[in-house]
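In what follows, a structure is listed as structure tokens, so that the remarks can point back to it.
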Amino acid sequence: MPAAPVTVRGHQGMVVVMRFLRRRGVLCRTCGLAVFRQMQADTLVRGWWGVLSMLITPVVLLLNLGALSGIRRLPPPATAAWRPPLDPGRPVLRRPAGLFALIPLGGLAIPLVAVPVLMVSGTSKEPSGVHFTPRRNLDPLSVGACAHNDREWPHQDLRNVPCDSADAQYLITEPKNGYCAAGDYVAHLQYSVDGDSTLCLRPVKR
């Protein structure tokens, strides 16, 4: 505990036929993340092998992102269960399945990106008709320092700030025994120095 109902979907294309997969259960944050990553990775490898499956697989992958949003809203497990939680393993894009999926995803992305770009470039009088707004705060967070989020949760655009400044919202700490304390937020992995470590965000009391 705490736990919540979680449904993660998968798809398998087999040239002529296809399979729709689903795993449902009342899961904690750690187990839900493990189920999401496994189903998403399997779908990235096995979901494309059919004409209709090429269209269905992206929809399934996007639906699972909604499930992931609910999983991430759960705080880390706070009570012991009769067996340890599942190992979430590596993030999906850090697995071989994520690299393999770049081939079909790249093929789908080219027309999806090319059509809007051509439309904008054809109607815009300026050569720079397309604008991108990447995340601004790219520096890793420092444990022991404080952070400020320049966006609204659950979106994160975190930056280091002095703890005695008015911008300090969260104290950056490391997990204890692999878990953040109750009431803490969890920073995205890319904010750690190595890009693969969990950092906790403890709200600063004023």
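The values are calculated or read from the model by the stated rules, or taken from the named source; none is laboratory data. If you're wondering where the values come from, they're calculated on a predicted model, not measured in any experiment. Using ideal geometry, Cβ is built from the backbone for each residue, glycine included, and neighbour counts are taken over all protein chains shown. The area values use the complete protein model at the heavy-atom level, side chains included, leaving out ligands, DNA and RNA. Shrake-Rupley method; radii C 1.70, N 1.55, O 1.52, S 1.80 Å.
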As computed over region 1-55, the Cα convex hull volume per residue (Å³): 58
VAL193-ARG73 FRET efficiency (beta carbon distance; Förster radius 22 Å; 0.05 resolution): 0.30
Label-point separation, MET14 to VAL51 (7 Å along Cα→Cβ), nm: 1.9
Spin-label model distance (nm) - ALA181 vs GLU152, 7 Å beyond Cα toward Cβ: 2.9
Selection of trypsin sites (Lys or Arg not before Pro), region 137-201, meeting DSSP coil and at most 13 other Cβ within 10 Å: ARG151
Region 1-105 - charge dipole about Cα centre, Lys and Arg +1 at Cβ, Asp and Glu -1, debye rounded to 20: 160
Pair ALA4, LEU102: separation of 7 Å Cα→Cβ label points (nm): 3.3
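Write down the accessible area per residue of region 1-113 in Å², having rolled a 1.4 Å probe over the full set of protein chains.
Each residue of region 1-113 exposes 61 Å² on average to a 1.4 Å probe.
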